[in-house]
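The values are calculated or read from the model by the stated rules, or taken from the named source; none is laboratory data. None of these values were measured; they are calculated from a predicted model. Heads up, the Cβs are rebuilt from the backbone with ideal geometry, glycines too, and the neighbour counts pull from every protein chain shown. When the accessible area is computed, the model is the full protein with side chains, heavy atoms only, and any ligands, DNA or RNA have been set aside. Shrake-Rupley method; radii C 1.70, N 1.55, O 1.52, S 1.80 Å.
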Amino acid sequence: MKRLPIVVAFFALPLSSALSAEPVNRLYLTPFIGYQFFDSKTNVDDAKTQGLGVEYRFSQQWAIELSYTSADPDVSFDQTHLDSMLGEPEFPIIEDPLPGNPAQSVGATGSSEFSAFRVDGLHYFTPLSQTLNPYVSAGVGHASIDQGDQTRLNVGAGLRFDFTDRLSLKSEVRQFHGVDDSVWDTQALIGISFAFDRAPVRRNEVRAVSEVAMVEPKPDSVIDSDGDGVPDDQDQCAGTDAARVAEVDSVGCLGEVKTLRTEVVSITFPLDSASIPAEFDSEIDRIAALILENTGTVIEIAGHADASGDSAYNQKLSQRRAESVASALISRNATIADRIKAVGYGETQPIATNETAQGREMNRRVEARVQVLR
């Protein structure tokens, strides 16, 4: 039991950082079957196992799982073990059996009951959107067997394969160490996972919206320099002719916007995230060069989301993705800042089906639309 604080410390740092990441909120229920290779010190045979795991994946990379395992291994005592238990016999052993009582073999056998509980931390190497999710894990638990109880530490590695968003196959191999008697067991298992999702709740955002709704706007808080009815912080075309202020559109521009070219920004966003992975720096450079080439135009950075979760939340997420790309472009060349506008379209403009993981990944995209006024 002295090693238990070490295990708690092992999980404390990575889990505390994971809790600060954007939530995933996916619950897996996994019935499984497997095979347990018991240490010879336990004096039971290897046996088939069965059990149930409940896993909560709270971020793209981290999850925690509670598991229960049971088995009915056969007990097997060899001669050496019997001698150590019984010592030297006080009376001669009669090897000839009595009539009607056949002699039993020296190796005594029988049935036993095995059960184990454990809690594990899992680290996934790929985001939830990927079909193949390899992972490693470590944890602590307690096992009970007729021969005695054990506090057990464990490490393992496994793979999750998604058939659909709700159904996946899970397989893993795990090594156990009983710290009380220093025994080593190995378990291999395979199971079917049923997934249950809950749309993430953005309490900070909800509170901020409520607070804004309760505050009366100050008369001088909105500045509209050209008097076209569009505040300066939203006006893409400042200095509108006073005679034509009634003709401006929602972003303060005259006439109708025409899209000359739409360029898909080849950035794949993780599920429920607006962060741009560093691997897409070259793509940001490409779009920045495209903007410089198309002088005299306005570039709309259009953000999109898949249909997972609440549509209002997806709208905000797509806006954040568009703003994230726009900020990255402006950081490349500040002179293009006045020609870029970020607009989120939520889940309203899919380019693929939302019924498959691949289709949803395609819909989580950003486009650069080269536009002019006509």
Looking at 347, 355, which is the one that is exposed (fewer than 14 other Cβ atoms within 10 Å of the Cβ), part of a loop (DSSP other than H, G, I, E, B), acidic (Asp, Glu) and at pLDDT 85 or above? 355
Here the qualifying pairs (Cβ atoms under 8 Å; residues six or more apart or on different chains; first in segment 278-289 and open to solvent by less than 20 Å² (accessible area, probe 1.4 Å); second among the acidic types (Asp, Glu)) come out as 287/263
When you scan segment 295-304, do you find a residue that is under 14 Å from residue 365 (Cβ atoms), part of a loop (DSSP other than H, G, I, E, B) and modelled with pLDDT of 85 or more, even just one? yes
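Name the one entry in 326, 312 that is part of a helix (DSSP H, G or I), open to solvent by 40 Å² or more (accessible area, probe 1.4 Å) and free of Cβ contacts under 8 Å to residues at least 40 places away in the same chain. Write out each step before concluding.
Values: 326 fails: open to solvent by 40 Å² or more (accessible area, probe 1.4 Å).
Checking each option against the conditions leaves just 312.
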Would you point out the residue of segment 161-195, among those that are in contact with an Asp or Glu (Cβ under 9 Å, 6 or more places away or on another chain), over 22 Å from residue 47 (Cβ atoms) and not in a loop (DSSP other than H, G, I, E, B), that is most open to solvent (accessible area, probe 1.4 Å)? 169
